[in-house]
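Written out below as structure tokens is the structure these notes cover.
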Amino acid sequence: MSASPRPTRLAPADSETLRAAAEVLRGGGLVAMPTETVYGLAGDATNDRAVAAIYAAKGRPDFNPLIAHFAEAQSAAREAEFDSFAEKLAAAFWPGPLTIVAPVAKACRVSLLARAGLDTLGLRVPAHPIARALIAAAKVPLAAPSANRSGRLSPTTAAHVLADLDGRIDWILDGGSTPLGVESTIVACLGGPPRLLRPGALARERIEAELGVALARQSEAGAPLAPGMLASHYAPRARLRLEAHDVGRNEAALDFAGALGVSTSRLDLSPDGDLDEAAANLFAYLRALDAGGAARIAVAPIPERGLGVAINDRLRRAAAPRPEA
Ligand code: TXA
Ligand code: MG
């Protein structure tokens, strides 16, 4: 399926453009919006035509469901059946970088296509003021995957969105760099123990402290992962060499806390070793090193705690072997 070319408008998200973009959404159009995690490509989640256009613009396989975004936790809760874990999580972390997967409610208005035919729904109440204002103005839940072409890195600036989706969507609301920089953490609350489907911008430790139970690991629970978590994903063009302790002659370097030392093409995710800062810089730095034309990028070891877990997850996916295309 190919999207027909359409002029893409890029504008700062002031009250005027928010109103106009909300109108575009209500008419079934597509608007890229900043959230606190990454930019999302938003369309009316209740409109099959808009949802189909999202899949087409991204070149995304339609078996991969979309997250529905809401302005308020109360409106999200109407669309799904929350168990006590989901209720606790929503109360503690919404608005914020957490997606809850729960069984759909009978009255769920979200298009079956957005759910990829599943009887569960991914729900999120973003904290970013622009996203919240846009959803409120559109007066419908917004389906919003990350605003990149399928298989590419998630965008953390409006320029990243333009590079991937120019001519394929109606609007890009520019809200500067997204503060957290990696996608939301996804937790499934489907009756049994809550299960971590995707590590993300909300650290597992904080969720477990709130719930007082350990999140089930994907493999223990036996059910499939988030369908979008294919091994090769979030991919730059360059090959990544993880856990590097040196930099080869023809390699660029993605450093952390100065571990790789001085080299010609080097960006340090956080010179001070701050994992939150590293997460915020991850995709932009990968894109920048990629744009520099390096064939290989040596990546320093990242500690496996806090947001380091999400960073390592995205790095492993970016490093996974993939079909040449
Ligand atoms: O931070 C984020 O979550 C961003 C911003 C824009 O909100 N969105 C985002 O969406 O990362 P996307 O589509 O790029 O990733 C959503 C992931 C996919 O891996 C998808 O398979 C999974 O969520 N997902 C959505 N609904 C699901 C469901 N009902 N069950 C399991 N996984 C689901
Ligand atoms: Mg994505």
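So here's what we get for this one:
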{"quantity": "Lone unmet requirement of (1) closer than 28 Å to Ala279 by Cβ; (2) within 12 Å of ligand 1 (Cβ to nearest atom) for Glu87", "calculated": "(2)"}
{"quantity": "Filter result (among the basic types (Lys, Arg), more than 15 Å from Leu242 (Cα to Cα) and assigned to a helix (DSSP H, G or I)) within segment 282-325", "calculated": "Arg287"}
{"quantity": "Any chance Thr120 is polar (S, T, N, Q) and touching a strand residue (DSSP E or B) at 6+ places or on another chain (Cβ under 7 Å)", "calculated": "yes"}
{"quantity": "Candidate set from segment 35-62 (those that are assigned to a loop (DSSP other than H, G, I, E, B) and more than 9 Å from ligand 1 (Cβ to nearest atom)); member that is least open to solvent (accessible area, probe 1.4 Å)", "calculated": "Ala45"}
{"quantity": "Thr157, sole failed condition from (1) surrounded by 22 or more Cβ atoms within 10 Å (Cβ to Cβ); (2) within 23 Å of Ala310 (Cβ to Cβ); (3) within 16 Å of ligand 2 (Cβ to nearest atom)", "calculated": "(1)"}
{"quantity": "Subset of segment 70-84 [part of a helix (DSSP H, G or I) and open to solvent by 40 Å² or more (accessible area, probe 1.4 Å)]", "calculated": "Gln74, Ala77, Ser84"}
{"quantity": "Conditions (1) modelled with pLDDT of 95 or more; (2) surrounded by fewer than 20 Cβ atoms within 10 Å (Cβ to Cβ); (3) not polar (S, T, N, Q); number of the one not met by Arg6", "calculated": "(1)"}
{"quantity": "Where a residue in segment 54-76 is closer than 13 Å to Ala136 by Cβ and its partner, wherever it lies, is outside any strand (DSSP E or B) and open to solvent by 50 Å² or more (accessible area, probe 1.4 Å), with Cβ under 7 Å and at least six apart", "calculated": "Ala71/Arg132; Ala71/Ala136"}
{"quantity": "Residue identified as open to solvent by 10 Å² or more (accessible area, probe 1.4 Å) and touching a Gly at 6+ places or on another chain (Cβ under 9 Å) among Arg195, Arg115, Arg124, Arg109", "calculated": "Arg115"}
{"quantity": "Filter result for Asp272 (away from ligand 2 (no atom under 16 Å from the Cβ), open to solvent by 10 Å² or more (accessible area, probe 1.4 Å), in a loop (DSSP other than H, G, I, E, B) and more than 28 Å from Arg206 (Cα to Cα))", "calculated": "no"}
{"quantity": "Residue satisfying condition, being modelled with pLDDT of 60 or more and away from ligand 1 (no atom under 11 Å from the Cβ), within set Leu202, Leu211, Leu197", "calculated": "Leu211"}
{"quantity": "Close pairs from segment 118-139: first more than 22 Å from Thr157 (Cα to Cα), partner open to solvent by less than 10 Å² (accessible area, probe 1.4 Å) and in a helix (DSSP H, G or I), Cβ under 7 Å, at least 6 apart", "calculated": "Leu123/Ala76; Ala137/Ala22; Ala138/Ala22; Ala138/Leu25"}
{"quantity": "Set Val24, Val31: member being under 19 Å from Ala138 (Cβ atoms), open to solvent by less than 10 Å² (accessible area, probe 1.4 Å) and assigned by TED's automatic domain parsing to the domain that holds Trp171", "calculated": "Val31"}
{"quantity": "Leading residue by the ranking (nearest to ligand 2 (Cβ to nearest atom)) among those in segment 23-34 that are within 21 Å of the chain's Cα centre (by Cα) and not in a loop (DSSP other than H, G, I, E, B)", "calculated": "Ala32"}
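A quick yes/no check of all residues on (1) under 19 Å from Asp170 (Cα atoms); (2) modelled with pLDDT of 95 or more:
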position: Gly40; (1), (2): yes, yes
position: Asp48; (1), (2): yes, yes
position: Ala52; (1), (2): yes, yes
position: Arg60; (1), (2): yes, no
position: Glu72; (1), (2): no, yes
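The values are calculated or read from the model by the stated rules, or taken from the named source; none is laboratory data. Keep in mind that what you see is a predicted model, and the values were worked out from it rather than measured. Heads up, the Cβs are rebuilt from the backbone with ideal geometry, glycines too, and the neighbour counts pull from every protein chain shown. Side chains are part of the model used for accessible areas, which takes the heavy atoms of the whole protein and leaves out ligands, DNA and RNA. Shrake-Rupley method; radii C 1.70, N 1.55, O 1.52, S 1.80 Å.
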